[in-house]
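Each remark here refers to the structure printed beneath this line.
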Amino acid sequence: MNYYNEIKTELIKNEAYKQVKDYSKNRHDLETYYNVGKLLIEAQGGEERAKYGNRLIKEYSKRLTNELGKGYSERSLKKMRQFYILIQKGPSMTADLSYSHYIELLVLSNIDEINYYIDLSIKNSLSYRELRKRIKSKEYERLPEETKQKLKNKEALEVTDLVPNPILVEINNKDLQIFNETVLKELIMENLDSFLKQMGEGFLFVGREYRLQDLGENRYIDMLLFNYIYNCFVVVEFKSEKVKQEDIGQIHVYMNYIDRKVKTPINDRSMGIIVSKENDKFVVKYCTDKRISFKEYLLINNEKKGIKS
């Protein structure tokens, strides 16, 4: 079998197809690069030998560039080979994602993690650049182990399951010190869009310092959110130090208030999230209200390096 001619034919057909049928070129790109990757593996004598033999890739790249023009560098052909190997592991090859999306996934080896980012990209219409950012933030790695098991087993998720831990909070000043809740809340409000994306899917901002007025007293929720996927309000409290036992009582009261005074009959019961510098394992373990979730925060500068608060 003349593998070079087969590969050349696949690439020529794809270029012609894109000129004529622009509306479905994404699907054809994926099929073409998958087939080219497969042919490259076969030409090199199988996947194991292909890992170490790049001389053939170099030869094919030179010939394709001379005959077809730019776009067929050694790097490009190696990525097509990797793409084929990636799909062979089991993730779906869907036209909802571009080839560029799949290129971002090549750095991953865990099939469950790969499937998570594929679903995330489709549900949230992420560009490949946005996907790259989510992968670099290690979003999947920061999910609770229980959530990973639920995703793997395709079990129903709760609103707080997809909130990573820790939650990354972006800052511009690496010397910033979080010495109280006010500083933390102001920082989050400055980057509210980033914070909401960190929280996971479906969160909408309702208000900060949300006033609860009853019996002549005014109390305030640090942040009130609504999740349109799970149809419930989410009470968020921020703590600049280690979470305390009394913090559970506080957020529980606030959740009850929202359920009685704010939510409508068509809404589900409220959820609560305590975002703190450090979780108390004892408090977390023996909190009996499963609607309350505990998350830590981690400050990151523009270079995405963790900074101690």
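Miscellaneous remarks
- Residue count for region 174-210 satisfying the condition of being within 25 Å of Lys123 (Cα to Cα), in a loop (DSSP other than H, G, I, E, B) and modelled with pLDDT under 90: 3.
- The residues listed here are Leu299, Leu215; of these, the one that is modelled with pLDDT under 90, surrounded by fewer than 18 Cβ atoms within 10 Å (Cβ to Cβ) and not assigned by TED's automatic domain parsing to the domain that holds Asp119 is Leu215.
- Qualifying position, being surrounded by fewer than 13 Cβ atoms within 10 Å (Cβ to Cβ) and not acidic (Asp, Glu), among Lys138, Lys148, Lys152: Lys152
- Residue among Gly207, Gly202 that alone is surrounded by fewer than 16 Cβ atoms within 10 Å (Cβ to Cβ) and either in contact with a Gly (Cβ under 9 Å, 6 or more places away or on another chain) or not acidic (Asp, Glu) (or both): Gly207
- Residue count for region 213-224, restricted to those that are over 18 Å from Pro166 (Cβ atoms) and touching a residue at least 12 places away in the same chain (Cβ under 8 Å): 4.
- Count - residues of region 59-118 that are surrounded by 18 or more Cβ atoms within 10 Å (Cβ to Cβ), more than 22 Å from the chain's Cα centre (by Cα) and not in a helix (DSSP H, G or I): 1
- Considering (1) of a type in the set (S, T, N, Q); (2) assigned to a helix (DSSP H, G or I); (3) more than 10 Å from the chain's Cα centre (by Cα), the lone condition that Thr160 does not fulfil carries the number (2).
- The residues of region 212-253 that are under 17 Å from Glu186 (Cα atoms) and not hydrophobic (A, V, I, L, M, F, W, C), listed by number, are Tyr220, Asp222, Glu237, Lys239, Ser240, Glu241.
The values are calculated or read from the model by the stated rules, or taken from the named source; none is laboratory data. Quantities reported herein were computed from a predicted structural model and do not represent experimental measurements. For neighbour counting, all protein chains shown are included, and Cβ atoms are generated from backbone atoms with ideal geometry for every residue, glycine included.
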